[in-house]
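Working notes for the structure below.
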Amino acid sequence: SNPIHVDIEAPKERLFWSELHCHSFFGDGIRNPEEIHSFARDESFLDIFALTDHVEALSDAQWNYFREVANTFNEPQRFVSFIGGEWTSSKFGHHGFLYPGSEGPILRCTDPDQDTLEKIYAIAKQHGAMIIANHPAEDGWGFDWNKGHNDNVERLVEVYSIGGAYDTPAEGNYPFPSRRVKRPSPGNFVIDGLKKGFRLGMIGVGDVHDGRPGDALHQLQEEPQGYKELLGPGLTGVWAKELTREAVFEALRNRRVFATTNNRTWLKFSINEHPMGSEFKAGGKLNILVEAASDRNIQRIE
């Protein structure tokens, strides 16, 4: 079982588990969208899922099909599936996008009206969508914080995926030297975005291409060369009022999230009774509360 927390009364929020970055054979992965959604729900036992293929590879008709699959699998109180994709720009980096409801346009960097960050930020704002900063600090695949960021729509950042941990550079007193990014791009780690004042909720994702969201096997392979260097997929804990698109999207937007390296640690964090992801001002003492339970040995809390 996952670690659990028992209350006398019904909780105002519950902890759900999500994977928001996955690819199918319409992009550069395997399995079709129906198979991948089924695996996420019935074999990985995820609560929340989004199939976010490289949308530049999709036609308009295929995008309609992706939306239909996500809407078909979405079942309130059982399984939340979002419509989304990965805007894959060689100039501006990779950015995920999620829509709150059953509709939303495709965002392709190959379309002239969608080829810059400013343009997709504007479209996202118009449709109530959310942008995610994907795998920062990975040279050639990440992005440069200096090229643009919009706190109003780009609310989340991938801090961990199969490619590495993107929180801080590997040099110095880095707690996970085995999880360093293979081709780091200095100045583009999550910590660098935070130093610029960006307000970023941190998520753990798979970015898996082997058709097994939440429970990949690629890290066990010896061949082809290089695959054994990939890590296990990450997961995101989401604190939401209920398991519906509306409640989960609100939680994601409010950064009520935390990332793990594929373990389901129960974690709750607040300062002066303000929950994780909050923005507030405090002129005096800070009362920090951390509650954690895990099937791993908890060595320290920083």
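Annotations
- Pairwise centroid distance, computed over Cα atoms, of the range 80-157 with the range 1-68, Å: 18 Å
- Convex hull volume per residue for the range 1-105, taking Cα atoms only, in Å³: 128 Å³
- Tail weight of P(r) past 23 Å, computed on alpha-carbon pairs of the range 27-165, percent: 33 percent
- Structure-derived semi-axes √(5λ) of the Cα gyration tensor in Å - corresponding label in (i) 27, 23, 22; (ii) 43, 28, 21; (iii) 39, 18, 15: (i)
- The shape of the range 34-86 can be summarised by an equivalent ellipsoid whose semi-axes, obtained from the alpha carbon gyration tensor, come to 20, 11, 9 Å from longest to shortest.
- Most mobile listed residue (Ala61, Ala170, Ala259) in the chain, GNM with C-alpha springs under 10 Å: Ala61
- Gain on full stretching of the segment that runs from Lys182 to Asn150 - 0.36 nm per residue minus C-alpha separation: 8.8 nm
- Mean Cα-pair separation over length for the range 1-122, i.e. relative contact order, pairs under 8 Å, 6 or more apart, %: 20 percent
- Pair-distance profile P(r), taking every C-alpha pair of the range 79-126, with 10 angstrom steps and integer %: 26, 56, 16, 2
- Per-residue surface analysis assigns Arg14 an accessible area of about 140 Å², computed on protein heavy atoms at 1.4 Å probe radius.
- Per the Kirkwood formula applied to alpha carbons, the range 244-302 shows a radius of gyration over Rh ratio, Rg over Rh, of 1.02.
- Surface share of carbon and sulfur [accessible, 1.4 angstrom probe, percent] for the chain: 49 percent
- Whichever lysines have a C-alpha closer than 17 Å to that of Lys182, once near sequence neighbours (fewer than 8 apart) are set aside: Lys228
- Under 12 Å of direct C-alpha separation, and excluding same-chain neighbours fewer than eight residues apart, Lys119 reaches these aspartates and glutamates: Asp111.
- Cross-link pairs Lys147/Lys195; Lys12/Lys195; Lys125/Lys285 - those with Cα-Cα distance over 27 Å: Lys12/Lys195; Lys125/Lys285
- Helix-only mean residue ellipticity at 222 nm for the chain, each DSSP H run of n ≥ 4 adding -39500 (n - 2.57), per residue, nearest 500: -5000 deg cm²/dmol
- Our summary gives the range 62-182 a relative contact order of 18 percent, counting only alpha carbon pairs under 8 angstrom and 6 or more residues apart.
- Springs between Cα atoms under 10 Å define the GNM used for the chain, and in it the highest mean-square fluctuation of Thr265, Thr88, Thr236 occurs at Thr265.
- Aspartates and glutamates with Cα under 12 Å of Lys241, excluding same-chain neighbours fewer than 8 positions away: Glu13, Glu250
- Rel. contact order, % - alpha carbon contacts under 8 angstrom, at least six apart, the chain: 19 percent
The values are calculated or read from the model by the stated rules, or taken from the named source; none is laboratory data. This is a predicted model, so every value here is computed, not measured. Ligands, DNA and RNA are excluded from the accessible area calculation, which covers all protein heavy atoms including side chains. Shrake-Rupley method; radii C 1.70, N 1.55, O 1.52, S 1.80 Å.
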